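Single-structure report; data block below.
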Amino acid sequence: MDIRAALTSFIYLVASSLLYPVLLLLAVLVAWLLLQMGAFLAEWLERRRLGFSKAKGPFNAKKTADSLDLPHRVSLYKSELQQLLNQGHILEVQIQELLQTHIQRANKSLDGLRMLVRIGPGLGLMATLIPMGTGLAALAQGDMTKLASELVVAFTATVVGLFEGMTAYFLFTVKGRWVEEDIRHMELLTELLANEEGEL
């Protein structure tokens, strides 16, 4: 038995069997990307309404201490921080633990987009190369109809994968800037409220 032929047939079978799962994952990622775009639009509208779409934003000490007109991420942190400070004598390490928890949560909100940036084009490339193999096999047998069909699948998968990657990268870049801004505001908020309570 020809070992090379057996291995080649096995790898070809494995690669061919991956086509439909890869196409399914590409479709799922498109739906996921649409959800991410909806969440992005909602946050953009919120930040625009609050004036946070501008470079400087409306953040200042007096307004932070007296107003709840903050992005939901910062507003949630402010609420939990105030609850913690109202409990009485609070150690600095407890405040820092709360701050770090919210910073980690804010950074974690970018994980979905970060994965889309890499996974989308990767799946698109896989869904391109797999039908190319079967298409070349069809070409060798003179079956031009099957070759054309496989090329259509390959090129459309490439377009979808690149679309997912580029769109996710745009959303990741802008949302990453928002997260950095919110983290900076949470740190300043910690100093303001904790100093008012005389804890730091």
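Kindly evaluate E196 against the criterion of being assigned to a helix (DSSP H, G or I) and modelled with pLDDT of 90 or more. Before you say what the answer is, go through the steps one by one.
Numbers: assigned to a helix (DSSP H, G or I): yes; modelled with pLDDT of 90 or more: no.
Answer is no for this residue.
Taking segment 149-186 as the region of interest, how many residues are crowded, with 18+ Cβ neighbours inside 10 Å and of a type outside the set (A, V, I, L, M, F, W, C)?
Looking only at that region, the number is 9.
Counting only residues that are of a type in the set (V, I, T), in contact with an Asp or Glu (Cβ under 9 Å, 6 or more places away or on another chain) and over 19 Å from N107 (Cα atoms), how many does segment 73-96 have?
Initially, segment 73-96 is screened for residues of a type in the set (V, I, T), giving 74, 90, 93, 95.
Okay, now just the ones that are also in contact with an Asp or Glu (Cβ under 9 Å, 6 or more places away or on another chain), so 74, 90, 95.
The next check asks that each one be over 19 Å from N107 (Cα atoms); those that pass are 90.
Of the residues in that region, 1 qualify.
May I ask you to list the residues in segment 82-97 that are outside any helix (DSSP H, G or I) and surrounded by 11 or more Cβ atoms within 10 Å (Cβ to Cβ)? Give the derivation first.
Start the filter on segment 82-97 by keeping residues that are outside any helix (DSSP H, G or I), which leaves 86-91.
If the condition is that a residue be outside any helix (DSSP H, G or I) and surrounded by 11 or more Cβ atoms within 10 Å (Cβ to Cβ), then I90 is the only one that fits.
Hey, among I119, I130, which residue is over 17 Å from Q36 (Cβ atoms), assigned to a helix (DSSP H, G or I) and modelled with pLDDT of 85 or more?
Working: I119 fails: over 17 Å from Q36 (Cβ atoms).
None of the others qualify; the one that does is I130.
Scan segment 131-178 for residues that are small (G, A, S) and farther than 17 Å from L19 by Cβ and jot them down.
If we filter segment 131-178 for residues that are small (G, A, S), which is where we start, we get 133, 135, 137-138, 140, 142, 148-149, 154, 157, 161, 165, 168, 176.
Answer for segment 131-178, where residues must be small (G, A, S) and farther than 17 Å from L19 by Cβ: A140, G142, G165, A168, G176.
So, E191, is that one closer than 23 Å to L18 by Cα and either among the charged types (D, E, K, R) or outside any helix (DSSP H, G or I) (or both) or not? Don't jump to the end; show me each part of the working.
Details: closer than 23 Å to L18 by Cα: no; either among the charged types (D, E, K, R) or outside any helix (DSSP H, G or I) (or both): yes.
Criteria not met by E191.
The values are calculated or read from the model by the stated rules, or taken from the named source; none is laboratory data. Since the structure is predicted, the reported quantities are computational estimates derived from the model, not experimental observations. With ideal geometry, Cβ positions are generated from the backbone for all residues, glycine too; neighbour counts draw on all protein chains shown.
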